[in-house]
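The values are calculated or read from the model by the stated rules, or taken from the named source; none is laboratory data. The shown structure was predicted, so the numbers you read here are calculated from the model rather than taken from an experiment. Cβ placement follows ideal geometry from the backbone for every residue including glycine, while neighbour counts extend to all protein chains displayed. Note: accessible area is taken over every heavy atom of the protein model, side chains too, but ligands, DNA and RNA are not part of it. Shrake-Rupley method; radii C 1.70, N 1.55, O 1.52, S 1.80 Å.
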Amino acid sequence: MNEISQIIQETTEKIMKDLCTKEVVEAAEQGIFPTELWQTLVETGMTTIGIPEESGGTGGSLADALTFLRIAAQYSAPIPIAETFVANWLLSKIGLPLLDKTTTIASFQNGNPITFNETTCGWTISGFAHDVPFARYAEAILVIGESEQGNLIAIVDPGTCRTDDGKNYAGEARDHVYFNDVPVVSDNVFSLSEVAAVEFYYMTALIRAAQMTGALERILELSVKYSKERIQFGRPIAKFQAIQQQIAILAGEVSAAKSMTELAIKSFEADSGKNQIIAAKIRVGEAASLATPIAHQVHGAIGFTEEHALQQSTRRLWSWRDEYGNESYWASKLGEEVLTMEADDLWTFITSMNSKISI
């Protein structure tokens with residue numbers, strides 16, 4: 001880890017520890033946006049880490065950006081930092097100015113077609129996007145849709161759309177946005193190449209994998225801590241072999257998820273990361289399915305209560321694993337690719353996943 005990466009990590013941890021408390025997360029579930037947390041992240045340049053300075057970003061690598069998002073996920077940060085980063089990352093990729101405001105994204109990934117129609121005064125956007133993260137709090141929506149000219153993106157004022165509030169299992173805002181012939185001036189509509197659209201598709205999955213890794217790290221930390229504090233039959237439950245075995249399994253799952261995600265990040269930076277991202281999203285999802293019941297078993301009934309922070313992380317794992325493709329979805333994609341290979345190519349495919357990067 002270089003000096004810049006160390007500063008980013010330490011700064012993120014300090015901000016989150018001070019301003020993203022359990023009470024702040026609980027308040028967000030009741031509809032209170034954590035304005036102080038968001039403004040602090042903006043003022044310190046944390047929301048544009050990983051975007052080149054020449055594009056208006058803070059600089060640093062993609063790994064730095066995803067480290068920031070992973071740590072924020074450890075604290076269950078209830079703000080659209082991932083969505084704002086992805087929007088600005090995509091804008092920088094196609095040479096457009098960054099957005100200095102809370103931003104979310106409505107795209108083909110939300111399950112319904114969004115269409116652009118050219119008019120004499122610019123464009124209109126029609127369609128529906130469900131489960132748009134934090135749309136009610138966004139100051140801008142980056143809309144990705146189709147037109148007769150190909151894929152287009154537009155920066156849309158949320159006030160021109162109809163938004164119905166919704167939530168995911170974690171209590172995070174997942175809103176439904178309706179575009180009923182929303183007018184957009186031509187200056188806010190841009191072409192999106194097929195290459196950039198594919199990169200965006202995989203980037204979103206990678207970000208959720210990184211966030212899930214952060215949540216997994218958090219539940220491991222909480223489980224170890226609780227097992228040392230909880231006294232049963234005169235000694236901490238961490239002294240019992242059955243608990244030790246379960247925590248060892250939990251630690252193994254967290255380690256596997258983190259290793260696979262780090263490989264995917266490095267591979268994506270080296271322009272060879274699509275299959276690694278697929279593998280990471282699958283492996284992190286599998287880790288979540290095994291780790292969350294173990295964490296709750298170690299904590300007993302208290303882990304399910306609002307009084308304990310564990311449920312804030314496990315509910316996010318249950319929600320995030322289904323966003324941007326769950327294990328079944330990505331396993332099908334990977335299986336389709338494998339089925340097109342010759343028999344002699346399969347072993348090479350498996351063993352070459354880290355051949356283009358330095359671990």
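Structure above, values below:
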| read-out | value |
| --- | --- |
| Pairs, first over 10 Å from residue 77 (Cβ atoms) and open to solvent by less than 30 Å² (accessible area, probe 1.4 Å) in the stretch 1-29, second part of a helix (DSSP H, G or I) and not β-branched (Val, Ile, Thr), C-beta under 7 Å, six or more apart | 5/64; 8/64; 8/68 |
| Residue in the stretch 274-282 that is under 18 Å from residue 70 (Cβ atoms), in contact (Cβ under 8 Å) with a residue 24 or more places away in the chain and surrounded by fewer than 19 Cβ atoms within 10 Å (Cβ to Cβ) present | no |
| Residue check, residue 127 small (Gly, Ala, Ser), assigned to a helix (DSSP H, G or I) and more than 19 Å from residue 86 (Cβ to Cβ) | no |
| Qualifying residues in the stretch 44-76 (those that are open to solvent by less than 10 Å² (accessible area, probe 1.4 Å) and assigned to a loop (DSSP other than H, G, I, E, B)) - the one modelled with the highest pLDDT | 76 |
| Given (1) in contact with a strand residue (DSSP E or B) (Cβ under 6 Å, 6 or more places away or on another chain); (2) under 16 Å from residue 84 (Cα atoms); (3) of a type in the set (Asp, Glu), index of the condition residue 146 fails | (2) |
| Residue match in the stretch 78-98 (condition: open to solvent by less than 50 Å² (accessible area, probe 1.4 Å), aliphatic (A, V, I, L, M), touching a strand residue (DSSP E or B) at 6+ places or on another chain (Cβ under 7 Å) and more than 13 Å from residue 154 (Cα to Cα)) | yes |
| Filtered residues of the stretch 73-110 (kept if over 16 Å from residue 53 (Cα atoms) and basic (Lys, Arg)) | 101 |
| Filter result (of a type in the set (A, V, I, L, M, F, W, C), farther than 20 Å from residue 205 by Cα and open to solvent by 10 Å² or more (accessible area, probe 1.4 Å)) within the stretch 102-143 | 121, 123, 128, 138 |
| The stretch 95-119 residues that are among the β-branched types (Val, Ile, Thr), paired with ones that are open to solvent by 60 Å² or more (accessible area, probe 1.4 Å) (beta carbon under 6 Å, 6 or more apart) | 102/139; 115/146 |
| Qualifying positions in the stretch 192-234 - among the small types (Gly, Ala, Ser) and either touching a residue at least 60 places away in the same chain (Cβ under 8 Å) or buried (at least 22 other Cβ atoms within 10 Å of the Cβ) (or both) | 193, 196, 205, 209, 210, 214, 215, 223, 227 |
| Matching residues, the stretch 220-273, being closer than 30 Å to residue 93 by Cβ and either of a type in the set (D, E, K, R) or touching a Cys at 6+ places or on another chain (Cβ under 9 Å) (or both) | 258, 262, 266, 269, 271 |
| Filtered residue count, the stretch 256-273, keeping only those that are over 13 Å from residue 209 (Cα atoms), surrounded by fewer than 21 Cβ atoms within 10 Å (Cβ to Cβ) and not hydrophobic (A, V, I, L, M, F, W, C) | 4 |
| Wholly within the stretch 287-357, helices (runs of 4 or more DSSP H) carrying at least 1 residues that are open to solvent by 70 Å² or more (accessible area, probe 1.4 Å), touching a residue at least 12 places away in the same chain (Cβ under 8 Å) and more than 24 Å from residue 255 (Cα to Cα) | 327-339 |
